[in-house]
Amino acid sequence: MHEYSIVQALIARVEREAAAHSATAVHRLRVQIGEMSGVEVSLLETAFELFRERTICEGAVLTVVPVAATWQCPKCATDLAPGVPLRCQACSTPARLVAGDEIVLERIEMEVADAAPEHPAEAG
């Protein structure tokens, strides 16, 4: 189950970002998962529930955005319709996967303290 290692890496990355911004909590994560990435989304969500305890992500909600596989001819840049053979119908070149194999941390919503409190100007 590589979903566990993906979640461990995800949480480690979020912890680094949270530390860099002096965050006190992470509320939401948004992750893009390509349909050809080999990731089982339900296992990823279960792993996240287990591994987020006692981390900056403990109260965070994970949103997974599915990314459909997109195939294209590398020679003439023609997009192939879903379900057709993976060969360009115009020039017979084998198609190339251009989207759908990614795992991308798209967004982190975190709580940070004000960087510099505002002080009203003193009257003179």
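Considering only C-alpha atoms, what is the centroid distance from region 1-18 to region 21-78, in Å?
10 Å
Relative contact order, percent, of region 2-111 when contacts are C-alpha pairs under 8 Å separated by at least 6 residues?
Averaging sequence separation for qualifying contacts and normalising by length gives 38 percent for region 2-111.
What is the pair-distance distribution P(r) of region 1-76, computed from all Cα-Cα distances in 10 Å bins starting at 0, with each bin given as a whole percent?
Answer for region 1-76: a P(r) of 18, 46, 23, 10, 4, 0 percent.
From the Cα gyration tensor of region 33-73, with a ≥ b ≥ c the square roots of its eigenvalues, which class applies: rounded if a/c is under 1.5, or else prolate if a/b is larger than b/c, or else oblate? Present the calculation step by step, with values, prior to reporting the outcome.
Working: a/c = 4.02, a/b = 2.79, b/c = 1.44.
Prolate is the answer for region 33-73, as a/c is 1.5 or above and a/b outweighs b/c.
Sort VAL7, VAL104 so that the residue with the fewest other Cβ atoms within 10 Å of its own Cβ comes first and the one with the most comes last.
VAL104, VAL7
Give me LEU10, LEU43 ranked fewest to most by other Cβ atoms within 10 Å of their Cβ, as a rough exposure proxy.
Going from least to most buried by this count: LEU43, LEU10.
If you plug each phi of region 23-28 into the Karplus form 6.51 cos²θ - 1.76 cosθ + 1.60 with θ = phi - 60°, what whole-Hz ³J(HN,Hα) values come out, in order, with x for Gly and Pro?
Computed from phi, the couplings for region 23-28 are 6, 9, 7, 10, 9, 8 Hz.
PRE reach from GLN89 (point 7 Å along Cα→Cβ): which of region 14-58 fall under 17 Å by backbone N?
What the label zone holds, given the 17 Å backbone N cut-off, is no residue at all.
Using θ = phi - 60° and the Karplus form 6.51 cos²θ - 1.76 cosθ + 1.60, what ³J(HN,Hα) does each residue of region 46-60 get, whole Hz, x for Gly and Pro?
Here the 3J(HN,Hα) series is 5, 4, 4, 4, 6, 7, 6, 4, 6, 10, 4, 8, 3, x, 7 Hz.
Between LYS75 and SER42, what FRET efficiency comes out of the Förster formula 1/(1 + (r/R0)^6) with R0 = 30 Å and r the beta carbon distance, rounded to 0.05?
Calculated transfer efficiency: 0.20.
Every number here is computed from the coordinates shown, using simple stated rules; none is lab data. These numbers come from a predicted model, not from an experiment. Positions of Cβ are backbone-derived with ideal geometry, glycine not excepted, and every protein chain shown enters the neighbour counts.
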